[in-house]
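In what follows, a structure is listed as structure tokens, so that the remarks can point back to it.
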Amino acid sequence: MSASETIPTFAAMNVYNDLNNLPKFKNAVVTIGSFDGVHCGHQKILQKIKDLAKNINGESIVVTFHPHPREVIYPKDNSLRLITTIHEKVAYFEKYGIDNVIVVPFTIEFSQQKADEYIEKFLVEKFHPKFIVIGYDHRFGLNRQGDINFLKWHEKAFGYQVIEIQKQEIENNAISSTKIRSAIERGAIKNAYQLLGHPYILTGTVVKGQQIGASIGFPTANIQIPQQNKLIPADGIYTVYVYHKNIQYKGMLYIGDRPTLTEFHNKTIEVNIFDFDKDLYGDKLQIELLEKIREDKQFDDLEGLKSQLRADKEASLRILQNFEKKLELNSEEKFPSVGVVILNWNGKDLLNQFLPSIMDSDYPNLEIIVTDNASDDDSIKFLNEKYPSVKVIQLEENFGFAKGYNQALKKVTTDYYVLLNSDVEVSKNWIRPIIKLMERNKKIGAVQPKIKSQTNKNLFEYAGASGGWIDYLGYPFCRGRILSTVEEDNGQYDDIEEIFWASGAALFIRPQLFHGLEGFDETYFAHMEEIDLCWRIKRAGYKVIVCPKSVVYHVGGSTLNYLSPKKTYLNFRNSYYTLVKNESKQKLVWLIPTRLILDGLAGCLFLVQGKFSHIIAIIKAHWTFFPKIRKIFKNRRYSQELIDKISINIEPNKSGILKKSIIVQFYLKGKKSFHQL
């Protein structure tokens, strides 16, 4: 960074200091705490409330306290040292993108609230939260009687949901403000930086000193820290960045009692700003400490001190150069949070077989979540014992694929969702190529990897292959799979390409799109709901992409066999649902009768094959669909309203539609592979 580079500015944030003058918050997502240091653990909480607020079109709210509760409850205890002042803390909240900060004036009266009164009269009455996000060890109320379990016990009564943030660790060291304070007190600034996730800062006003530094060629600005309880690092020399009027400079900081200058014995904080000669008296400086260079020591004379300061400056410049190189490397590739959500129903054996490959995924910001659809095997016990790091969401009944995911994803707050079948084996680097693609192009709404057969890895797999298409009659097929014929993978579909639908077996999707469209249509239960969702995504102008650089292997049919009559029933019924919801009314006038005729031909084929249960399944699908057609048209209107709210293009995206009949191409023209079309 150059000397003329300014501090970045952030989105506007509202700060409130009066509890009696708060606005009415919209879909409030609230977190509460002292947040001293706003360290990496706190940042995890801040990210959660931002993600949740984005998903429900709400507002993120941080509630903090000033003065620090310990100063009020124990006024005679002068030992408290704070990592951040209230102003520094609020600045960090703004930096990390929070919508609203409430600075609660902490008083003895406030501290005397009982835990249930704190919830009802403070949290609920003031904020009406949809979510409360807190750390695992959060305590509140008189004598700290309230905890996370107490908050959860009141969830139903007050209509909020509690999200717990587990203990955060860096290199197996639990993050805490106590550990950070200890590191700063020892002068272990690099260690403190690692735990904080940002540099330790000192903010103060420049006051007049003895001007000894100027006489030896190293002029310093003497800093007066106004807050008595601000934590001051151990004596020594530190490499720093200095901010003056929003401009960043390089420098080195001295903290100590100047043992070389025997006539002065007062402790000082002085900063030498490199290549700077302006008058700073009375101005405010913010100093970011990056690394300790050396301990304070006594020299025989000023010449010895001057020689050491030259060496200190060279050391500081090297440290700053290395620091900036690391910043550049870290900024080259960002790793948004990814939640891999697996829907499970009595799938202990599948989890045992395929979870290890998912756990071995080469992606640094990954959360693995198993949503259990009311299994009656011991799946949950197995997960808790063997994979305690996997988050488990338990549903009270088997909601099927569509509603099961809708319920689960309300509780997942990552930047991207991956809907992954429990019978999928993944390759090590299956996530990065897709996230990189979606980060580069915000018009990509959903992506699927190349899906190959887990039992025969030379073949594509039925449920998605290398991307889904439909023909103009609404029949789905894939690059690599037409009807029941699956191709061998010889790299013929390895290009990244826009498709019409992405397989639900391994579906990457943006949370704001999923929730903006209200997720899957729950009337589907299972099968084809991903085609309907992708169709709606494309009607909103977004792209659906296949990224064959990412490869997964799918068993297929482990929950519902591809050849079962129930699959046939869902196939025919849900196909009609999808057409009526998404096709134009003008086209439906002739398309529905045409599909009925083709259904009759399919019935004849099943008759010849002796598959009488499949004929019954087709009839049952018609009986289920046609009495509900008016309701489906009503659903169609509501669906269009949702699409209009998130649309980025007036015209729907029609890429991935074959302007021919796939049935004619397959049965009459003998085209059994996608590239022949």
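The values are calculated or read from the model by the stated rules, or taken from the named source; none is laboratory data. Predicted model, so just to flag it, every value in this text is computed and none were measured. Note that each Cβ is placed from the backbone with ideal geometry, even for glycine, and that neighbours are counted across all protein chains shown.
Would you mind stating whether ALA621 is outside any loop (DSSP other than H, G, I, E, B) and more than 42 Å from the chain's Cα centre (by Cα)? Considered against the rule, which asks whether it is outside any loop (DSSP other than H, G, I, E, B) and more than 42 Å from the chain's Cα centre (by Cα), ALA621 comes out as no.
Within region 330-415, considering only strands (runs of 3 or more DSSP E) that don't extend past its boundaries, which have at least 3 residues that are closer than 20 Å to VAL552 by Cα and within 20 Å of the chain's Cα centre (by Cα)? Don't jump to the end; show me each part of the working.
Working: elements: 338-344, 366-372, 391-394.
Strands (runs of 3 or more DSSP E) meeting the threshold: 338-344, 366-372.
I'd like the full set of residues that are within 14 Å of LYS443 (Cα to Cα) and either of a type outside the set (D, E, K, R) or surrounded by fewer than 22 Cβ atoms within 10 Å (Cβ to Cβ) (or both), limited to region 522-538. Once the filter is applied, which keeps residues that are within 14 Å of LYS443 (Cα to Cα) and either of a type outside the set (D, E, K, R) or surrounded by fewer than 22 Cβ atoms within 10 Å (Cβ to Cβ) (or both), region 522-538 yields CYS534, ILE537. Regarding GLU303, is this residue assigned by TED's automatic domain parsing to the domain that holds GLY256 and crowded, with 17+ Cβ neighbours inside 10 Å? It is false that GLU303 is assigned by TED's automatic domain parsing to the domain that holds GLY256 and crowded, with 17+ Cβ neighbours inside 10 Å.
Can you give me the number of residues within region 422-455 that are closer than 16 Å to ILE545 by Cβ, out of contact with any helix residue (DSSP H, G or I) (no Cβ under 8 Å at 6 or more places or on another chain) and touching a residue at least 60 places away in the same chain (Cβ under 8 Å)? Step through it out loud before you land on a result.
Filtering region 422-455 down to residues closer than 16 Å to ILE545 by Cβ leaves 430-451.
Subset that is out of contact with any helix residue (DSSP H, G or I) (no Cβ under 8 Å at 6 or more places or on another chain): 430-443, 448, 450-451.
Next, only the ones that are touching a residue at least 60 places away in the same chain (Cβ under 8 Å) stay: 430-439, 441, 443, 448, 450-451.
Here the count works out to 15.
Restrict the check to region 456-471 and report whether at least one residue is out of contact with any strand residue (DSSP E or B) (no Cβ under 6 Å at 6 or more places or on another chain), touching a residue at least 40 places away in the same chain (Cβ under 8 Å), within 27 Å of LYS587 (Cα to Cα) and not in a strand (DSSP E or B). Within region 456-471, not a single residue is out of contact with any strand residue (DSSP E or B) (no Cβ under 6 Å at 6 or more places or on another chain), touching a residue at least 40 places away in the same chain (Cβ under 8 Å), within 27 Å of LYS587 (Cα to Cα) and not in a strand (DSSP E or B).
Considering only region 423-435, state which residues are assigned to a loop (DSSP other than H, G, I, E, B) and surrounded by fewer than 24 Cβ atoms within 10 Å (Cβ to Cβ). Can you show your working first?
Within region 423-435, the first condition is being assigned to a loop (DSSP other than H, G, I, E, B), and the residues that meet it are 423, 427-431.
Those that are assigned to a loop (DSSP other than H, G, I, E, B) and surrounded by fewer than 24 Cβ atoms within 10 Å (Cβ to Cβ): ASP423, SER427, LYS428, ASN429.
Of the residues ASP296, ASP275, ASP283, ASP312, which is touching a residue at least 60 places away in the same chain (Cβ under 8 Å) and in contact with an Asp or Glu (Cβ under 8 Å, 6 or more places away or on another chain)? Spell out the reasoning first.
Details: ASP275 fails: in contact with an Asp or Glu (Cβ under 8 Å, 6 or more places away or on another chain); ASP283 fails: in contact with an Asp or Glu (Cβ under 8 Å, 6 or more places away or on another chain); ASP312 fails: in contact with an Asp or Glu (Cβ under 8 Å, 6 or more places away or on another chain).
From the options ASP296, ASP275, ASP283, ASP312, the qualifying one is ASP296.
Given the structure, is VAL589 assigned by TED's automatic domain parsing to the domain that holds ALA526 and either under 42 Å from the mean Cα position of the chain (by Cα) or assigned to a helix (DSSP H, G or I) (or both)?
Details: assigned by TED's automatic domain parsing to the domain that holds ALA526: no; either under 42 Å from the mean Cα position of the chain (by Cα) or assigned to a helix (DSSP H, G or I) (or both): yes.
Against the criterion (assigned by TED's automatic domain parsing to the domain that holds ALA526 and either under 42 Å from the mean Cα position of the chain (by Cα) or assigned to a helix (DSSP H, G or I) (or both)), VAL589 does not qualify.
Output the residue which, of all residues in region 223-260 that are part of a strand (DSSP E or B) and among the hydrophobic types (A, V, I, L, M, F, W, C), is farthest from ASP301 (Cα to Cα).
The selected residue is ILE247.
If you check LYS76 against the conditions, is it under 16 Å from the mean Cα position of the chain (by Cα) and not aliphatic (A, V, I, L, M)? Spell out how you get there, then give the answer.
Working: under 16 Å from the mean Cα position of the chain (by Cα): no; not aliphatic (A, V, I, L, M): yes.
No; evaluated as a whole, the condition is false for this residue.
The residues in region 376-414 that are closer than 18 Å to PRO364 by Cβ and surrounded by fewer than 21 Cβ atoms within 10 Å (Cβ to Cβ) can be counted, and the count is 3. For the residues GLY251, GLY282, GLY256, GLY236, the requirement of being surrounded by fewer than 19 Cβ atoms within 10 Å (Cβ to Cβ), touching a strand residue (DSSP E or B) at 6+ places or on another chain (Cβ under 6 Å) and of a type in the set (Gly, Ala, Ser) singles out GLY236.
Do we have LEU327 as over 19 Å from the mean Cα position of the chain (by Cα), aliphatic (A, V, I, L, M), part of a helix (DSSP H, G or I) and outside the structural domain of VAL424 (by TED's automatic domain parsing) here? I'd like the intermediate steps shown before the answer.
On the way: over 19 Å from the mean Cα position of the chain (by Cα): yes; aliphatic (A, V, I, L, M): yes; part of a helix (DSSP H, G or I): yes; outside the structural domain of VAL424 (by TED's automatic domain parsing): yes.
The answer is yes for LEU327.
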